[in-house]
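No value in this document is a laboratory result; all are computed from the given coordinates. Since the structure is predicted, the reported quantities are computational estimates derived from the model, not experimental observations. Neighbour counts are summed over all protein chains in view; Cβ atoms, including those assigned to glycine, are modelled from backbone coordinates with ideal geometry.
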Amino acid sequence: MSKNILIIPGDGIGQEVTTWGKNVLEAVADKHGHSFQFDEGIMGHVAIEETGSPLPEETLEKAKESDAILFGAIGHAKYDNDPHAKVRPEQGLLKIRKELGLYANLRPILLFDELLEASSLKPEILKGTDILFFRELTGDVYFGEKNKAEDGSFASDLMNYHRYEVERIAHKAFEAARHRSKKLCSVDKANVLETSRLWRDVVQEIAKQYPDVEVEHMFIDNAAMQLVKNPRKFDVVLTANLFGDILTDEASQIAGSMGMLASASVGDGTGFYEPIHGSAHDIAGQDKANPLASILSAALLLDIGLGLVEEAEEVRDAVAHTLKEGWRTIDIANNATPEEKKIGTKQMGEFVLEQLKK
Ligand code: NAD
């Protein structure tokens, strides 16, 4: 297979971890005889410094021409402390998502047995958890009309959804459920919200096209509780933008660390693969960042983006073996086992590569 892959490392630890995501893709190509052509683009603070824009036209053009994009993170302390800055790193991320028409954010909550002790939840509750979230990305209160009274006494954000927005992400979630355990949980607040009643109506309609998938509808408040009470009960979870934002952060605790979670943002064209974490200024440049979220994002790029399912599984197996041998970056180290050995970004990346090449 021959593909063009764009690498956008971004800022802070994005630069450090994306190197390893890319190295893993190179190793997979070598091992399986694929030809991946890599190009690089700038985005975020580095791009503002160099060009004045958080998403230079050149990066956007490269993104549109590529088959898949591996992204690191954007952000800089300078902007976090200045809410009035007009040009900001995150504008680059929002713009590229919009330009590429990315409407579904897929976030697998994949728990490695070796990290059961790294979570704040009890191991016996967590063991065996494997959830795939589908969060809608283009609608909801984020993009509805916003109002604020001049005297500050009132504000509103309009929550809205179009039928087609629900339909297209529902199809993606049902397709995924078909290839997993054939169970889908749609999360809404249909007892209170019109948008949720539309959501439920569309999901019920689309479910008829997937009779092999068992569908459950759950209210968001119940889902938030069930997720920590019995996470194994979930498989594919389909939900709207706001509910997905909150639920997926809650679920990230299940995997033990932000440094372990990958995500894919997809639409009908080029997909965008990235760790869920940010640029982590507190540890940037110190060889402390966990590169596994970037490596697992590369795995998502392989199976979701390029259809290379076997290759993606090899990457996940290489991560599992590395963890089994006791190697831990500081965010997942908890002295739970005597074999545990603390290492930095570079060594973790090298050990995964070594496993992959075996
Ligand atoms: P963050 O995810 O960068 O960091 C949160 C905490 O998790 C920090 O203590 C950090 O050290 C730790 N952490 C994160 N990734 C890690 C990894 N791979 N290995 C080990 N530890 C890790 O979130 P934040 O501190 O709220 O934000 C920092 C900057 O990142 C801000 O400028 C923010 O705007 C930006 N941000 C960007 C994205 C993105 O690019 N998608 C997402 C979130 C935040």
log₁₀ I(q)/I(0) of the chain at q = 0.06, 0.14 Å⁻¹, via Debye over equal Cα point scatterers, no solvent, to two decimals? -0.22, -1.25
Give me the extension gain from Asn160 to His32: residue separation times 0.36 nm, minus the current Cα-Cα distance, reported in nm with one decimal. 41.5 nm
For Glu350 and His281 in one chain, what is 0.36 nm times their gap in residues minus the Cα-Cα distance, to one decimal in nm? 22.5 nm
What would the Debye equation give as log₁₀ I(q)/I(0) for the range 1-65 at q = 0.22, 0.25, 0.26 Å⁻¹, counting only Cα atoms as equal point scatterers? -0.91, -1.04, -1.08
Once Lys and Arg get +1 and Asp and Glu get -1 on their Cβ, which of Ala190, Phe154, Ala223 lies farthest toward the positive end of the dipole of the range 130-253? Ala223
Considering amide H positions built from the backbone, and no H for Pro or chain starts, which residues 5 or more places from Met43, or on another chain, come under 5 Å of its amide H? Gly10
Backbone HN-Hα couplings from phi across the range 294-308 [Karplus 6.51/-1.76/1.60, Hz, Gly and Pro as x]: 6, 5, 6, 5, 4, 5, 5, 4, 5, 7, 6, x, 10, x, 8
Which order, highest average first, do 306-317, 286-297 follow once you tally other Cβ atoms within 10 Å for each residue and take the mean per peptide? 286-297, 306-317
Cβ-Cβ cut-off under 13 Å around Asp67, Lys and Arg +1, Asp and Glu -1: the net charge is +1
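Among Lys78/Lys288; Lys98/Lys189; Lys182/Lys342; Lys31/Lys233; Lys182/Lys229, which pairs are too far apart, with a Cα-Cα distance over 32 Å?
As for pairs spanning more than 32 Å Cα to Cα, those are Lys182/Lys342; Lys31/Lys233.
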What's the magnitude of the charge dipole for the chain around its Cα centre, counting Lys and Arg as +1 and Asp and Glu as -1 at the beta-carbon? Answer in Debye, nearest 20. 640
In whole Hz and in residue order, list the ³J(HN,Hα) couplings for the range 183-188 that follow from phi through the Karplus curve 6.51 cos²θ - 1.76 cosθ + 1.60, θ = phi - 60°; x for Gly and Pro. 10, 9, 10, 9, 9, 8
Suppose every Lys and Arg Cβ carries +1 and every Asp and Glu Cβ carries -1, with no other charges. What dipole size does the range 69-114 come out with about its Cα centre, to the nearest 20 debye? 380
Quarter of the Cα convex hull surface for the range 157-288, i.e. its orientation-mean projected area (nm²): 10.2
Averaging sequence separations of C-alpha pairs under 8 Å and six or more residues apart, then dividing by the length of the chain, give the relative contact order as a whole percent. 22
For Cα pairs less than 8 Å apart in space and 6+ apart in sequence, what is the mean separation divided by the residue count of the range 130-253, i.e. the relative contact order in percent? 38
Per the Kirkwood treatment, what hydrodynamic radius in Å, one decimal, follows for the range 72-219 from the mean inverse distance over all distinct Cα pairs? 18.5
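Is the C-alpha gyration tensor of the range 132-198 telling us rounded, prolate or oblate? Criteria: a/c under 1.5 is rounded; beyond that, a/b larger than b/c is prolate, otherwise oblate.
prolate
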Give me the dipole magnitude in Debye, nearest 20, for the range 130-253 about the Cα centre, with unit charges on the beta carbon: positive for Lys and Arg, negative for Asp and Glu. 540
Would you grab the residues whose amide H sits under 5 Å from the one on Trp327? Only those 5+ places off in sequence or on another chain, please, with H modelled 1.01 Å from N. Lys341
Distance-filtered residues of the range 260-291 - backbone nitrogen under 16 Å, label point 7 angstrom along Glu40 Cα→Cβ: 285
I need the peptides 204-216, 151-163, 96-108 ranked by packing, meaning the mean over residues of other C-beta atoms within 10 angstrom, with the highest value on top. 96-108, 204-216, 151-163
List, in order, the whole-Hz ³J(HN,Hα) value for each residue of the range 108-114 obtained from phi through the Karplus relation with A = 6.51, B = -1.76, C = 1.60 and θ = phi - 60°; use x for Gly and Pro. x, 9, 9, 9, 7, 3, 5
Take the alpha-carbon centre of the range 23-89, take the same for the range 305-358, and report the distance between them in whole Å. 24
Under a crude label model (7 Å from the Cα following the beta-carbon direction), how far is Asp268 from Glu99 in nanometres? 2.0
At R0 = 41 Å, how high is the FRET efficiency between Asp82 and Glu250 if r is their beta carbon distance? Nearest 0.05 is fine. 0.90
Return the long-range amide H neighbours of Phe36 (sequence gap of 5 or more, or a different chain), with a cut-off of under 5 Å between placed amide H atoms. Lys3
